[in-house]
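What follows is one structure encoded as structure tokens, with my remarks underneath.
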Amino acid sequence: MALNLLKLCVGVESIEDLQASIDFRLEEKRASGAPVEQYHTTRMVPSRRDEILDGGSLYWVIKGSIQVRQFLTDIRPFTDAAGIKRCHLVLEPVLHPTRPQPRRPFQGWRYLTAKDAPPDIRKLEGGGDIPDAMRRELAELGLI
């Protein structure tokens with residue numbers, strides 16, 4: 001069973017905001033000729049790498065709730081220019097909205113088992129996806 005990571009998405013207001021940030025950074029990489037891949041840099045390297053890369057995702061906490069996930073495609077430890085060990089969490093740049101699940105603030109990342117992870121929200125047939133504000137309101141009312 002795949003193991004997941006959980007991380008706060010600091011400075012992001014919504015799933016759409018996160019998607020815009022991803023799109024902007026990928027376009028910057030295309031324009032500069034750098035490899036076009038999305039990654040998040042963190043200081044600690046997950047010790048359970050093989051379990052995570054066996055289908056795991058990075059679940060993002062936005063505004064106090066887990067709201068979205070991205071598949072993890074690689075974990076690359078490295079040492080930065082200052083000699084500090086860090087890690088790139090390489091992500092598929094596709095966002096998968098999840099059923100909102102409240103989370104308190106924490107530092108760094110946490111492991112998240114599959115049984116504790118919120119399920120994905122499926123797109124509505126013929127109606128597109130639910131806008132973030134409506135999704136939050138429905139979740140607060142306990143309807144999703």
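No lab work stands behind these numbers, since they all come straight from the coordinates. Computed from a predicted structure; not experimentally measured. Don't worry about glycine lacking a Cβ; one is built from the backbone with ideal geometry, like all the others, and counts go over all protein chains shown.
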Worksheet item: Looking at this model, which pairs from K7/K63; K63/K85; K29/K85 are more than 21 angstrom apart at the alpha-carbon?
Response: K63/K85; K29/K85
Response to the item:
Sorted largest first, the Cα spans of the chain on the principal axes come out in Å as 49, 36, 26
Response to the item:
Cβ-Cβ cut-off under 13 Å around H40, Lys and Arg +1, Asp and Glu -1: the net charge is +3
Discussion item. Could you work out how much longer the chain between V36 and F78 gets when fully extended? Use 0.36 nm per residue separation minus the Cα distance between them, nm to one decimal.
Written reply: 13.3 nm
Item to complete: Kindly express, to the nearest 10 degrees and within the range 0 to 90, the angle between helix 15-32's C-alpha long axis and the longest C-alpha principal axis of the chain.
Response: 30 degrees
Worksheet entry | Rounded to the nearest 20 debye, dipole of the chain from Cβ charges on Lys, Arg, Asp, Glu | 580 debye
Discussion item. At most 14 other C-beta atoms within 10 Å and a DSSP loop state: those are the exposed trypsin sites (Lys or Arg not before Pro) I care about. Give me the longest piece of the chain that has none.
Written reply: 64-121
Discussion item. Could you check the spin-label model distance between V10 and R25? Points 7 Å from the Cα along Cα→Cβ, value in nm.
Written reply: 1.3 nm
Response to the item:
Checked against the positive end of the charge dipole of region 1-45 (+1 on Cβ of Lys and Arg, -1 on Cβ of Asp and Glu, about the Cα centre), the farthest of V10, T42, S21 is T42
